[in-house]
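Reviewing the structure listed below.
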Amino acid sequence: MKILSNPNNTIRMRFLGALLSLTFLTACNKELPPPKPIETPAPSGETIMEKLNAADYSILKAAIEKAGTFASTTGKLSDILANPEGVITFFAPDNTAILRSFALMGLPADASSLNFFRAGQLDSLLKYHLIGGLSLTTNSISPVAPALNLYLQSALLLAPPSPSLPPGYRMPIFLGKQGSSGFVNNIPIVQADIAAANGVMHKTYAALLPPDKVIWQTIAANAGGSYDYFKAAVIRADGGESASGQFQSALSTPNANFTVFVPTDAAFEQTLTQLIAKALMEGGMPQGDAVSAATLLVGVYGPTIISNPSSIPVYGPGLAAEITPELLAGVVAYHIVAQPGTTVVGYRNFLVNFPATAANLPTLVNASVPQHPGLTLQASFGALGITAATVKGLGNATASNVVLNAIPGVTHDIHHINGVIQRIDQVLLPIPL
Amino acid sequence: MRILRLLTGIGLLCSTSGIYAQTIKGNVRNSENGEGIAAVSVVLKNSTTGVVAGENGDFEITVPSLPAVLVVSSVNYETQEVNVLNSSFLTVSLKPLLGQEVVVSASRIGERAIESPVTIERVSAATIKNAPSASYYDIISKLKGVDVVNASLTFTSPTTRGFAGSGNTRFNQFVDGIDNQAPALNFSVGSVVGLSELDVESMELLPGASSALYGSGGMNGTLLINSRNPFNYTGLSFQAKTGVMNVGNQYRGASPYYNFSLRWAQKISEKFAYKITSEYVHAKDWLASDYRNYGRVGTNGALKDGTRETDPNYDGVNVYGDETTINLRSLVLNAIGNQVPFWQSYINQLPGNIPVSRTGYTEDELVDPNTVNFKVGGALHYRITPGLEAILMGHFGTGNTVYTGSDRYSLKDLKIAQYKFELKADNWFVRAYTTQENAGESHNLTATARQFNELWKPSAQWYQEYGFAYMNAKMAGLNDINAHNQARSVADIGRPAAGSAEFTRLWDSVRLKPIYQNGGLFLDKSDLYVAEGQYNFSSLLNDAVELLAGGNWRRFVLNSEKTLFHEVDGPIHINELGAYLQVGKELFNNRLKLTAAGRYDKNEFFKGKFTPRVTAVIKPAQDHNIRLSYQTAYRFPSTQQQWIDLSVGSGTLIGSNRVIWEAYDLINNPGISAPEFIANPANRIPVIYEEVKPESVTSYEVGYKALLARKLFVDAYVYTGAYENFLGRRDVVQFNDVSNPAAYRGISVVVNSDAKVKTFGWGLSLDWRLPSNFSVYGNISSDEIKDVPNNFRSSFNSPKYRTLLGISNSGFGPKDLFGFNLNWRWQDEVDFESDFAISTLDPIHVVDFALMYKLPAIKSQLKIGANNLFNQYYTNAVGNPSIGGLYYLAFVYNMQ
């Protein structure tokens, strides 16, 4: 070949060689970089499940393990608690708290009381201690009236979302704050904001017991025989016993949320006596006689004065004219705390969620009288908790007291799926009698 | 024998008496190596009679009489005049020369390249024949100071001295004098229309500002491509290239590449010749597969981290449909909270801004991978007199390609036709031509994909489903991103899979519907009409002074059937008139040549624009030339910048014309600058109507060309450019509803930027001829921008340095039948900015190689070519395809 026979061959080959080596050495383009995933910082520290290895959570841990044997549609609780990529808020009753709850339930204050619960029950119970998707520290709660708590959804599923995508409903759970103390429902948080890799844990004073009734069930059953008058007022205001009645349906709706102030029967009797005496005096009867007659009528006929006043001899027509369904509707509405513009949603005020400084809350009365000031709530807090809680109606001369009991759930903070009942010692009047 | 001698004698007799024509056969060879030179022009002096020598330098010419003087010339060789006394076999030896080729574009008159007053680069047919590039058009990227942007296999956009981008409105291209732009786009649609490779005689590139001679647009260079005259190049030629590309492409397997071209030219008589040319390219296009995340809203448009799986608001660069984004919290979750009160507190705990984009489709899934380009052209040439030629020419091109504007556009079944009539004499020409454009089924990929998403599931529904699913997923204890991903999988139920029958049905229905009807199609049937002429008065002045004058008239007829432009009463007409004058004078014994040129253009919608140019060429010694120039250039706003009126979902794009401002009541009720208003609603800066001025540049250049020892050709330049009145868009919001003072609409208006920027650059090229047919060549060039204001996006897009190094041999091996060409181009990293996306491009290395084998017996050549030999994928603009190796085998017959 000519190229090889040429005397200048060496020089040329060097050129070529240099050029080639240069190209081989340097001709290396960077590949187009692939999209770079956003790095979520790897969760550090223990998961909530690992936190529960501490000795004072042994009963809770055992309960979680037992719950895990139940095939739940919403997943195994221990998996959720142990998932380092999850985000949850978990309320953890320690051993003391669980034993305390056992005692309240009338069970032996012993770890063995767990045996009274089936795995499925424990799964439901414990999922009520969990809020998914949020890591809620007590700082997240802004103590703003009217209800000083957050209306949240626990992991205890009541109605699953269906393929047509309604939202689904979970047993609501309420995170509140009084001063610097946090509460879940009305249970004090003993140790708040325990940070974990997959969220935050709050140690609670007792276990959370999910309610199992709606408010109307309690009222309709006249639990403890102490709801006679309120039940009668609701039914008459609704025009009879009917699931579609305004108040009955609202108080039966599971995903509603109310604080219902239910006056004691004694409170109703006192108010009815006053009302009837006043009417009799307006009819010309002297005060002493009127009071006596009214007391007698209330004593003899009791709730019938509300449920069927015209059936009462002699006084029937007069009572019927006075105690109308409209009047009762107004009275009942005034006992149900509501959010303006909605008939099924209000605020769930456990006593710990009462304002320390008097503040007003709207009621269902505001649906027809928007400018009505509503109810005035206030509570006093001592070193050991609530010392007094009051609610005052516009027409009342004095504030009613919430009837306090050593154990919550008897006369105050009577918890339901759709709200809380507070028993009070006066009937709340939207306008003066 | 005696009879033969007798006949020869008669023949001689006849020839000397001038009665009978004489045929001269001969061969032209390189004086240095004795090898035949192809494509030499052999012309009878002072006549139009001429032939072109074949592959090995053989020629045959018939002259009316003897003796005769033949002018033998070829690019890169000294022209020789040969006095022929008899018809015996003639051997002519030409001296190869560098820098001696004649160029016409620099001064609009023929001059030797070495004496050009401004920088000029020339690509000859011989270069094309021996270049590795699969498309002749891509050879431009090897020239010094040139950047190209490849938006598609068939869409290369060159530029010089900065401002690269697909669809470059600052770079003019002329093919045989025809402005090659698509009238509605104002830039050349790659190589979709134009010459077939076999018909290219030469390409001349003028880097930098060149409006003084060529009018609006040539701010960053002008490319002129000249075809072969059918009188000079006759017969059949064809070329077949088949190859393979997309090797190792993870998204698209190796695929074939086909490029066939054909040329037929016939000289019927001394007066009449014609040609027919055609080219067909078919391949699977390069794929744009940049799936990086893009910060579209409220940012500078830079790329950022994030994938579909890790960013709910992911907006991939080459993923379309995911531009639709909303704040899930404010627009969906808050509404859910109102309907579902038991979620309200939970929702209140979520961040105020949860941007979520819809799920897009990749470019791979949306665009037909087949890129096709079919070109056909023809010309009739008639010589009315030996010095006056009439030409009737037509070109038609159609094909599929993709280009990057503010979005990626699939130009599908685009059709462009060009027709020209020209009268050309030695000293003058007049021509009239038209370009007829039809955008076919071209569509905007972003708009089409977004509308496609609305069609299969409206956003109102999609986001509602997403919102519910997101909440439920979160409440099940998932972390945020997993909840988002679960929500997306729920909302995407029913999403047509790319390529499915349902997908195709819906996609076709959207892409064939105009943008204003919630589709992605842009209709465009715009035309351009031009008439121009030039006269060279020099000979009338006995060449004492060189004097040239010319002028043109241009009319754009914009017709989008009211889908794109503000057409109120039928198509929009834009008329432009321009005239130029050039005076040149050689002084001091031709040691100095001064030239002054000026051009005045008036567009009916803009104030007149005067663009001067002054040049000087100093010749201190033979083959040494120093050039100095002051040049200016400008461009009127593109036809779209003038007349667009298009609602694009997020707002309306309007042109600069006052009529449109009036139609939107922006004169009486000015819009408010949007970025400031969105950042702070109290910050209301009105954008008052101002007549838009053409964008302009002023440039100074010093250059030096020399031919050393007749073997080493050197060309160097330094330039500065000063730009002002950049044309750009500004987003405004206009409060247009009296009954609702809070309601406003978004409008994007065209304004001049008050930014003034300076550019600076230099370049150096060497071409060294070595013994044994070796050549070594190389160049280095640099471009920089200065004084860029902080808030101004210059889109300069040039590397600070780029280099080319190459070695070639035009004949080695047995009988010197082999040849090769190897070169390596490198460019530095580029901070690339465009309306589409912003990112830094990594340095790019490209090695091209070609090995040729001549087949003289059948006038053919075989070539094995490799573009991007090492298959190192690269992109030269953000969002553009990754270009890998293209390897082909070419057979060319009779490429003269």
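Just so it is clear, none of the values below were taken in a lab; they were calculated from the coordinates. Computed from a predicted model, the values in this text were never measured in an experiment. In this analysis, Cβ positions are derived from the backbone assuming ideal geometry, glycine residues included, and neighbour counts consider all displayed protein chains.
Values as computed for the structure displayed
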{"read-out": "The protein assembly as shown, dipole about Cα centre (Lys/Arg Cβ +1, Asp/Glu Cβ -1), debye to the nearest 20", "value": "3780 debye"}
{"read-out": "Charge sum, other residues only, whose C-beta stays under 15 Å from A:Gly45's C-beta, Lys/Arg counted +1 and Asp/Glu -1", "value": "-3"}
{"read-out": "Relative contact order for the stretch B:642-694, counting Cα pairs under 8 Å that sit 6 or more residues apart, in percent", "value": "27 percent"}
{"read-out": "Centroid-to-centroid separation of the stretch A:34-75 and the stretch A:342-403 [C-alpha atoms, Å]", "value": "39 Å"}
{"read-out": "Estimated dipole of the stretch B:600-714 in Debye, rounded to 20 [Cβ of Lys and Arg +1, of Asp and Glu -1, Cα centre]", "value": "940 debye"}
{"read-out": "Average beta-carbon neighbours from other chains, 10 Å sphere, peptide B:335-345", "value": "5"}
{"read-out": "Proxy reagent accessibility, fewest Cβ within 10 Å first, across B:Val200, B:Val557", "value": "B:Val557, B:Val200"}
{"read-out": "Helix-derived mean residue ellipticity, 222 nm - over chain B, DSSP H n ≥ 4, -39500 (n - 2.57), to 500", "value": "-3500 deg cm²/dmol"}
{"read-out": "Gain in span if fully extended, B:Asn740 to B:Ala663, counting 0.36 nm per residue against the direct Cα distance", "value": "25.7 nm"}
{"read-out": "Nearest-ten-degree value, helix B:445-456 long axis tilted from longest Cα axis of chain B", "value": "40 degrees"}
{"read-out": "Reach of A:Lys51 by Cα under 25 Å, taken over lysines that are not fewer than 8 positions away in the same chain", "value": "A:Lys61, A:Lys66, A:Lys76, A:Lys127, A:Lys177, A:Lys203, B:Lys474"}
{"read-out": "Partner chain coverage, peptide A:127-133 - average Cβ within 10 angstrom", "value": "5"}
{"read-out": "By average C-beta atoms within 10 angstrom, highest first, the peptides A:152-159, B:489-496, A:398-405", "value": "A:152-159, A:398-405, B:489-496"}
{"read-out": "Kirkwood hydrodynamic radius of the protein assembly as shown, Cα pairs, Å", "value": "37.9 Å"}
{"read-out": "The stretch B:563-632-the stretch B:27-106 distance, computed between alpha-carbon centres (Å)", "value": "35 Å"}
{"read-out": "For peptides A:249-257, B:688-696, A:337-345, sequence by mean Cβ density within 10 Å, most packed first", "value": "A:249-257, A:337-345, B:688-696"}
{"read-out": "Using alpha-carbon coordinates, inclination of helix B:459-475 to the longest axis of chain B, degrees", "value": "60 degrees"}
{"read-out": "Mean Cβ count within 10 Å, highest first, over the residues of peptides A:123-134, B:131-142, A:307-318", "value": "A:123-134, B:131-142, A:307-318"}
{"read-out": "Packing-based exposure ordering (other Cβ within 10 Å, fewest first) of A:Asp238, A:Asp193", "value": "A:Asp193, A:Asp238"}
{"read-out": "Cβ-based charge dipole, chain B, positive-most Cα from B:Ile838, B:Ser135, B:Ala742", "value": "B:Ser135"}
{"read-out": "Equivalent ellipsoid semi-axes, the stretch B:326-464, via Cα gyration tensor eigenvalues times 5, rooted, Å", "value": "60, 15, 10"}
{"read-out": "Kirkwood Rh (inverse of mean 1/r, distinct Cα pairs), chain A, angstrom", "value": "25.4 Å"}
{"read-out": "Within 10 Å of each Cβ in B:839-848, the average number of Cβ atoms from other chains", "value": "3"}
{"read-out": "Euclidean distance between Cα centres, the stretch A:147-214 to the stretch B:647-700, Å", "value": "53 Å"}
{"read-out": "Sum of -39500 (n - 2.57) over DSSP H runs of 4+, divided by residues of chain A (222 nm, nearest 500)", "value": "-9000 deg cm²/dmol"}
{"read-out": "Around B:Lys412: net Lys/Arg minus Asp/Glu count, Cβ-Cβ under 13 Å", "value": "-3"}
{"read-out": "Unit charges on C-beta of K, R, D, E only; dipole of the stretch B:248-387, Debye", "value": "820 debye"}
{"read-out": "A:Gln287 paired with B:Tyr700, simple spin-label distance in nm, labels 7 Å along Cα-to-beta-carbon", "value": "11.1 nm"}
{"read-out": "Chain A: relative contact order in percent, alpha carbon pairs under 8 Å with at least 6 residues between", "value": "14 percent"}
{"read-out": "Cross-link pairs B:Lys271/B:Lys375; B:Lys593/B:Lys693; A:Lys30/B:Lys304; B:Lys609/B:Lys756; B:Lys142/B:Lys800 - those with Cα-Cα distance over 24 Å", "value": "B:Lys271/B:Lys375; B:Lys593/B:Lys693"}
{"read-out": "Label-point separation, B:Phe891 to B:Tyr258 (7 Å along Cα→Cβ), nm", "value": "1.5 nm"}
{"read-out": "Formal net charge of residues neighbouring B:Tyr893 (Cβ-Cβ distance under 11 Å; K, R +1; D, E -1)", "value": "+1"}
{"read-out": "Fraction of the pair-distance distribution of chain B above 55 Å, Cα-Cα pairs, percent", "value": "18 percent"}
